[in-house]
Amino acid sequence: MMRRRLRSAYLSTVLSISLVLLLVGVASLLLVNARGVSDYFKEHMQISVLMKPDISDAQTLEYQVELDSMAFVLSTEFISKAQGTREMEQMLGEGFLDIFEASPIPASVNVRLKAGYVSPDSLDLVKAAIMESPLVDEVSYQQSLIEALNSNLKKISAVLGILIVLLLFISFVLINNTVRLNVFARRFTIHTMKLVGATRSFIRGPFMVQAVFQGLFSAFIAILLLIGLLFFVRSEFAQLFEIFSLRLLLMVMGIVLVSGVLICVVSTYFVVNKLVASGKDELYY
């Protein structure tokens, strides 16, 4: 009966720690991917390079190759005169060209920049470099949108950083309390060992070994839950999953594993030492 109760208490402790470590895993995943999330949004911003009206599609395609070779360019998309005309017709109606003798819509290239260049200062340099070409008539982008994106990403990063610190602190407190309760339930066993002359290190040894395995089992369960959560995210939000990489995921798994073992061992160490130093009367409170 006692063995069954101890087994039940051990399993409930492992499950409780696993759920808390899952929280640590999610927080760590957000932390290590914070830069990736920021870069993802920045690299999906586009600037439009409008060619001069007399520049043909063939000349624009040649210039697109030149754009692709520039250090700040991530990718480009060619928009022909015919395609640009069709897009304008969808926006303004088919008859909007009737007042023109020839189509005023030039060929253009949509450019996606590398994340490090998506800021007001860098965009000025990018625009100047592109405008050096005699083929280019205008470089167009929404500066207010760029400024709002950078401002909001900074705010989100600050809030996310505070949230992650709070989550990690709460996780440590919850795991520490769970381990304390588990060890405290065996306080009379510790007292009995002390009465027969067992040293502090001898008493602490089995608890420390148990803490290591407890941390490992809990971390393993938490990692499985985290992987299941990521598969759900991938099935529901495939585009968001693009920011995750295998290297960062393995790093998060390592953080969960180390956190589980470290917190369990440290908490057990201090709790056992405190109980060994306690008198008989203190065991009842």
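The values are calculated or read from the model by the stated rules, or taken from the named source; none is laboratory data. Given the structure is predicted, the values throughout are model-derived calculations rather than measurements. In this analysis, Cβ positions are derived from the backbone assuming ideal geometry, glycine residues included, and neighbour counts consider all displayed protein chains. Just so you know, the surface numbers come from the protein's heavy atoms only, side chains and all, with ligands and any DNA or RNA stripped out. Shrake-Rupley method; radii C 1.70, N 1.55, O 1.52, S 1.80 Å.
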Only one of S140, S144, S108, S133 is modelled with pLDDT under 70 and more than 26 Å from the chain's Cα centre (by Cα), namely S144
_Tell me whether region 191-201 contains one or more residues that are farther than 16 Å from Y269 by Cβ, crowded, with 17+ Cβ neighbours inside 10 Å and in contact (Cβ under 8 Å) with a residue 12 or more places away in the chain._
yes
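For (1) open to solvent by 40 Å² or more (accessible area, probe 1.4 Å); (2) of a type in the set (A, V, I, L, M, F, W, C); (3) touching a Gly at 6+ places or on another chain (Cβ under 6 Å); (4) closer than 27 Å to I221 by Cα, each residue gets a yes or a no:
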position	(1), (2), (3), (4)
V20	no, yes, no, yes
V26	yes, yes, no, yes
V32	no, yes, no, yes
R35	yes, no, no, no
H44	yes, no, no, no
Reported set for region 47-69 where residues are loosely packed, with under 13 Cβ neighbours inside 10 Å and within 15 Å of E138 (Cβ to Cβ) is D54
Could you please let me know if F72 is open to solvent by 20 Å² or more (accessible area, probe 1.4 Å) and modelled with pLDDT of 85 or more? yes
Exception for L229 within (1) more than 30 Å from L31 (Cα to Cα); (2) at pLDDT 75 or above; (3) surrounded by fewer than 18 Cβ atoms within 10 Å (Cβ to Cβ) falls at (1)
Listed by first then second residue, the pairs whose first member lies in region 63-79 and is touching a residue at least 60 places away in the same chain (Cβ under 8 Å), whose partner is in a loop (DSSP other than H, G, I, E, B) and open to solvent by 20 Å² or more (accessible area, probe 1.4 Å), with beta carbons under 7 Å and at least 6 positions apart or on separate chains, are Y63/L135
Worksheet item: Would it be correct to say that S218 is among the small types (G, A, S), part of a helix (DSSP H, G or I) and over 38 Å from the mean Cα position of the chain (by Cα)?
Response: no
Taking region 240-274 and keeping only residues that are at pLDDT below 80, open to solvent by less than 40 Å² (accessible area, probe 1.4 Å) and over 15 Å from A211 (Cα atoms), one is left with I243, L248
Of the candidates F172, F213, the one satisfying the condition of being in contact (Cβ under 8 Å) with a residue 12 or more places away in the chain, under 37 Å from the mean Cα position of the chain (by Cα) and open to solvent by 60 Å² or more (accessible area, probe 1.4 Å) is F172
